[in-house]
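> My structure is below; once you've seen it, I'll send some questions.
No value in this document is a laboratory result; all are computed from the given coordinates. Only a predicted model underlies this, so the values are computations on that prediction, with no experimental measurement involved. Here the Cβ positions follow ideal geometry from the backbone for every residue, glycine too, while neighbour counts run over all protein chains shown.
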Amino acid sequence: MIPCILSESVSCCLVASFFPFFQKPTPERVGLLLPSYLPALAAATRLTTPYQQEAARLAAQGYLLSGLLAFHQLRFREQEQAYKEAVLFSDMGKDCNLQVYARMQLASTYFSKNPSNALRTYQQATKWIDHVSPLVLGKWLMELAIAYAQYTTK
């Protein structure tokens with residue numbers, strides 16, 4: 001791992017650290033790297049620096065990726081926990097697209113076991129929905145409609 005000096009951009013450190021893995025990224029390689037970098041990013045979000053929000057956005061993206069990897073490995077509790085972390089860090093990063101997307105991913109973990117919780121999680125995103133990209137908006141609307149349909153049929 002390349003050491004990061006706090007005055008450097010967190011993104012530059014991560015890109016330099018991950019560079020060897022950009023050649024042939026595989027889920028296995030990413031799965032091995034994330035546990036070592038996510039705690040460092042989480043720690044960077046607790047420091048008052050000009051890069052605090054950037055670190056939070058990167059941490060949110062890292063936890064979203066971690067949740068996706070957990071899903072593919074059928075580790076559903078880890079998936080849900082990763083998405084909860086993504087929600088937390090997306091809020092710290094104040095990125096509306098991430099805030100909505102993290103909640104959509106978390107809500108997707110509730111579809112089968114708790115439709116009302118899924119619906120509630122989708123509805124939490126309404127406060128940022130006017131500020132997201134059309135792609136995120138379309139995905140949110142589609143998934144919200146599915147959540148409403150599933151909730152009303154149970």
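> Peptides 47-57, 118-128: what's the order by average Cβ count within 10 Å, highest mean first?
Highest mean packing first, the order is 118-128, 47-57.
> Now for a separate question. Multiplying the sequence separation of N114 and N97 by 0.36 nm and subtracting their Cα-Cα distance, what value in nm do you get?
That pair, N114 and N97, stretches by 3.7 nm at full extension.
> Using 0.36 nm times the number of residues separating R29 and H72, minus their current alpha carbon distance, what extension gain do you get?
Roughly 14.1 nm would be gained on extension.
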